[in-house]
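The values are calculated or read from the model by the stated rules, or taken from the named source; none is laboratory data. Since the structure is predicted, the reported quantities are computational estimates derived from the model, not experimental observations. Every residue, glycine as well, gets a Cβ built from its backbone with ideal geometry; the counts of neighbours run over all protein chains shown.
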Amino acid sequence: MRVLVVSAWEPWRRGDGACLVLHAHLRELADRHEVVLLSAGAPARRVAPPTLPVPARWYGRPLPAPADVVLRRLASRVEPAHVAYVERPDLLRDLQHELDARRPDVLHLFGWGTAALQRFSNGVPTIHDAVDPWAANLANRARSPLGRLLDAGQAGRVGAHEARHYPRLGAVVVRSDEDAALLQAQVPAARVRVVPNGVDLPADGAPTDEPVLAFLGAYDAASNVAAARSLVQDVLPLVRQRVPDARALLVGRDPTPELRALDAEVTGTVPDVAAALRRAAVLVAPMTSGLGVKNKVLEAMAAGLPVVATPLAVQGVGASEGVLVGTGPAELAELAAGLLLDPVRRRALGAANRRRAQNTLTWAHSADRLEGVWSECASTS
């Protein structure tokens with residue numbers, strides 16, 4: 001199958017959870033299909049991307065990022081400003097050339113702002129990987145005061161964008177059944193499909209026996225900042241009533257000054273997430289907002305850690321032998337303290353999580369689901 005992929009973001013930037021999804025899918029599907037990638041978002045000075053498994057072209061910002069953001073907001077009249085972020089003149093030119101000269105079997109539009117490109121598809125079956133419901137998750141980004149000012153009015157345009165373009169697509173892909181239900185309610189005419197995230201299985205290694213509770217996330221998302229704060233301020237003090245030397249480890253990029261001031265070790269960006277997680281005994285995810293499958297849960301499972309989490313944190317994964325669900329700080333603390341005090345059970349649950357990740361939660365399984373959506377879209381056009 002010939003597939004043309006247009007991405008809003010650079011898939012080689014794997015520290016970003018959304019970019020990681022496309023990178024993994026390209027890696028898994030490049031040997032099965034003839035795939036070409038056009039990627040917006042790269043800085044203009046980038047010489048070349050890291051090695052990708054498919055031919056790629058990328059399109060940089062002509063101006064420094066702050067000026068680019070302001071001009072796109074000022075130029076935005078109907079569509080959200082992020083559509084202009086994607087629809088750079090050179091990208092549109094190459095998109096049209098690929099559609100005319102190569103005539104792909106499927107046009108795969110990845111990320112926020114790409115759905116509007118369906119109007120150029122010229123009859124080529126088109127799917128849009130929305131990553132998550134855009135309008136519903138827009139407020140989750142951690143924004144500066146200037147960013148919030150520039151985002152004024154964008155939420156309404158995003159909702160209108162979804163309602164306008166999604167019914168015209170062969171399929172709209174999200175990560176979980178919960179996200180699919182939310183998006184289907186917002187845009188009833190959309191053909192919504194679920195392709196869960198996967199995870200890479202790191203080399204085997206035993207997590208620590210130290211009483212360390214970890215949280216993992218990118219802290220440019222407000223939901224992750226709130227969850228990390230809740231772990232340290234709400235859950236950890238209750239755990240210490242039973243395990244006095246318990247401590248917290250916050251792993252991930254872009255930690256805010258607020259998080260760095262907490263009673264926790266804050267790593268910032270780490271070269272190896274699995275190695276960082278093995279410094280913990282349990283992953284605790286007290287998420288109360290945010291959408292989509294939480295990569296943090298999958299990463300912990302693959303690293304052999306038991307997981308204690310809220311129902312929201314395990315959307316798309318679900319409770320299981322090694323994934324324990326609690327509805328608030330008291331329940332989460334009770335579950336986490338119990339695991340810290342029972343090393344035999346803790347190790348058994350971590351091993352069960354790793355087996356589950358290996359057997360059913362790999363990127364190969366995820367790519368198979370996406371391939372099925374490609375085939376469905378191509379065959380029903």
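Looking only at the range 174-189, which residues are surrounded by fewer than 23 Cβ atoms within 10 Å (Cβ to Cβ) and touching a residue at least 24 places away in the same chain (Cβ under 8 Å)? Passing the criteria: Ser176, Asp177, Glu178, Leu182, Gln186, Val187.
The strands (runs of 3 or more DSSP E) found entirely in the range 226-336 that carry 3 or more residues being modelled with pLDDT of 95 or more, touching a Ser or Thr at 6+ places or on another chain (Cβ under 8 Å) and within 25 Å of Arg347 (Cβ to Cβ) are 247-251.
Can you name every residue in the range 303-327 that is touching a residue at least 12 places away in the same chain (Cβ under 8 Å) and surrounded by fewer than 16 Cβ atoms within 10 Å (Cβ to Cβ)?
Passing the criteria: Pro311, Ser320, Glu321, Thr327.
Give me the pairs, please: first residue somewhere in the range 123-151 and at pLDDT below 85, second residue anywhere and of a type in the set (Lys, Arg), beta-carbon distance under 7 Å, and either six or more positions apart or on two chains. Close Cβ pairs satisfying both conditions: Asp132/Arg175; Leu150/Arg73; Asp151/Arg143.
Could we say that Pro244 is in the same structural domain as Pro306 (by TED's automatic domain parsing), free of Cβ contacts under 8 Å to residues at least 60 places away in the same chain, touching a Phe, Trp or Tyr at 6+ places or on another chain (Cβ under 8 Å) and not hydroxyl-bearing (Ser, Thr, Tyr) here?
Working: in the same structural domain as Pro306 (by TED's automatic domain parsing): yes; free of Cβ contacts under 8 Å to residues at least 60 places away in the same chain: yes; touching a Phe, Trp or Tyr at 6+ places or on another chain (Cβ under 8 Å): no; not hydroxyl-bearing (Ser, Thr, Tyr): yes.
It is false that Pro244 is in the same structural domain as Pro306 (by TED's automatic domain parsing), free of Cβ contacts under 8 Å to residues at least 60 places away in the same chain, touching a Phe, Trp or Tyr at 6+ places or on another chain (Cβ under 8 Å) and not hydroxyl-bearing (Ser, Thr, Tyr).
The set of residues in the range 83-120 that are of a type outside the set (A, V, I, L, M, F, W, C), crowded, with 18+ Cβ neighbours inside 10 Å, part of a helix (DSSP H, G or I) and touching a Leu at 6+ places or on another chain (Cβ under 9 Å) comprises Glu98, Gln118.
When you check Leu216 against the structure, is it crowded, with 20+ Cβ neighbours inside 10 Å and within 17 Å of the chain's Cα centre (by Cα), yes or no?
When the stated conditions are applied, Leu216 passes them.
Matching residues to (1) over 30 Å from Arg2 (Cα atoms); (2) crowded, with 21+ Cβ neighbours inside 10 Å; (3) in contact (Cβ under 8 Å) with a residue 60 or more places away in the chain:
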site: Leu339; (1), (2), (3): yes, yes, no
site: Pro343; (1), (2), (3): yes, no, yes
site: Arg356; (1), (2), (3): yes, no, no
site: Leu361; (1), (2), (3): no, yes, yes
site: Ser366; (1), (2), (3): no, yes, yes
site: Arg369; (1), (2), (3): no, no, yes
site: Val373; (1), (2), (3): no, yes, yes
site: Glu376; (1), (2), (3): no, no, yes
site: Ser379; (1), (2), (3): no, no, no
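Condition (residue is loosely packed, with under 13 Cβ neighbours inside 10 Å and either modelled with pLDDT of 90 or more or β-branched (Val, Ile, Thr) (or both)) applied to the range 13-27: is it met by at least one residue? Checked against the condition, which is being loosely packed, with under 13 Cβ neighbours inside 10 Å and either modelled with pLDDT of 90 or more or β-branched (Val, Ile, Thr) (or both), the range 13-27 yields no hits at all. Which of the residues spanning the range 274-303 are within 15 Å of the chain's Cα centre (by Cα) and not small (Gly, Ala, Ser)? Across the range 274-303, the qualifying residues are Met287, Leu291, Val293, Lys294, Asn295, Lys296, Val297, Leu298, Glu299.
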